[in-house]
Amino acid sequence: RAAWKALKARAGNMDLLVALGTSAGYGLSVYLLFAHAGHAMADHLYFEASAVVITLVLLGKWLETRAKRQTTEAIRALNALRPEVARVRRPTGEIELPVAQVLAGDLIVIRPGERVPVDGEVLEGSSQIDESLITGESLPVAKHAGDKVTGGSVNAEGLLVVRTIAVGAESTLSRIVRLVESAQARKAPIQRLVDRVSEVFVPIVLGVALLTLLGWGLTSGDWTQAILNAVAVLVI
């Protein structure tokens, strides 16, 4: 299907190249199998080559899809780490607000065992913060007044008052999610290189196959052999 879409778009890519080669090899093998039944044509049959190429390509695409699915699950898990509400200190007392309504500069009170709802700077208190979701470090990190904390990390023991620095899309966790999603949407460098090469290589292969067909057919008059030679070019 991808090869057909590329053909309609008049663009060459790896899918079109694989589809042409394997289809030509399979078609040539079927013709030789029936046209030369009983003769020793084993060296000119490409059934196993076509099957192996298709299998490897499909295996690669399955692995790529599996990796993307795991990445999507990781993104979902990261999003689940963000608290939905924050305890904001106001002149009248502490109130709970949705994190989306918290503004830069607001004072957030974080009790022991709670997740840090925003990126901020510690103003009061000291504690141990579990930042393993960001750094991968399993041991808690000591935090005191003046230290930075990251939204989504866990306050282990002490009461903290944090001045908000970044919320929403500007938080560290949100930027990590965006980077992962961006990396997931992009092609690997080698895949982009192959597609660029295919854009030039596929038309060249088709041109050589067409020249082989016309040259052999017009020169010898044997159009059957000319077609076989042209197909052989695509297979090779």
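Between E94 and R196, the modelled label-to-label distance comes to 5.6 nm, taking each label 7 Å out from Cα in the direction of the beta carbon. If you plug the beta carbon distance of I204 and Q70 into 1/(1 + (r/R0)^6) with R0 = 41 Å, you get a FRET efficiency near 0.60.
Kindly express, to the nearest 10 degrees and within the range 0 to 90, the angle between helix 172-185's C-alpha long axis and the longest C-alpha principal axis of the chain. Once rounded, the angle reads 10 degrees.
Magnitude of the Cβ-charge dipole of the stretch 106-190, K/R +1 and D/E -1, about the Cα centre, nearest 20 debye?
So the dipole magnitude of the stretch 106-190 works out to roughly 400 debye.
With a cut-off of 18 Å on the backbone N, the residues of the stretch 6-28 near the modelled label site 7 Å out from K187 along Cα-Cβ are 6-21. The length gained on full extension between K8 and E121, counted as 0.36 nm times the residue separation minus their Cα-Cα distance, comes to 35.1 nm.
Where in the stretch 160-182 does the amide nitrogen come within less than 15 Å of the point 7 Å from the Cα of L78, taken along Cα to Cβ? Backbone N within reach: 168-182. Considering only A188, G146, I227, whose Cα is most displaced toward the positive end of the charge dipole of the chain, charges sitting on Cβ of Lys, Arg (+1) and Asp, Glu (-1)? Among A188, G146, I227, the one farthest towards the positive end of the dipole of the chain is I227. Remark: relative contact order (the stretch 89-181) = 36 percent; criterion is Cα-Cα distance under 8 angstrom and separation of 6 or more residues.
You can think of it this way: the chain between W62 and D147 has 26.1 nm of extra reach, that is 0.36 nm per residue less the Cα-Cα gap.
Largest first, what is the accessible-area ranking of S220, S29 with a 1.4 Å probe?
Working: S220 70, S29 0 Å².
Output order, biggest surface exposure first: S220, S29.
Taking the Cα centre as origin and putting +1 on Lys and Arg beta-carbons and -1 on Asp and Glu beta-carbons, what dipole magnitude results for the chain, to the nearest 20 debye? Once rounded to the nearest 20, the dipole reads 560 debye.
At 1.4 Å probe size, with the rest of the protein present, what percent of the exposed accessible area of the stretch 6-111 is carbon and sulfur atoms?
62
Taking the convex hull of the alpha carbon positions in the chain and averaging its projected area over all directions gives 19.1 nm². Mind checking which of Q128, L7, V99 is farthest towards the positive end of the stretch 1-131's charge dipole, using Cβ charges of +1 (Lys, Arg) and -1 (Asp, Glu) about the Cα centre? After comparing all options, I get L7. Please give the length that would be gained between A51 and L179 if that part of the chain were fully extended, namely 0.36 nm times their separation in residues minus their C-alpha to C-alpha distance (nm, one decimal). Taking 0.36 nm per residue and subtracting the Cα distance, the gain is 42.3 nm. Only lysine pairs 8 or more places apart, or on different chains, with alpha-carbon atoms under 24 angstrom apart are counted in the chain, and they number 7.
The values are calculated or read from the model by the stated rules, or taken from the named source; none is laboratory data. Please read all numbers here as calculations on a predicted model, not as lab measurements. Backbone-built Cβ (ideal geometry, glycine too); neighbour counts: all protein chains shown. Keep in mind that these areas ignore ligands, DNA and RNA; they rest on the heavy atoms of the full protein, side chains included. Shrake-Rupley method; radii C 1.70, N 1.55, O 1.52, S 1.80 Å.
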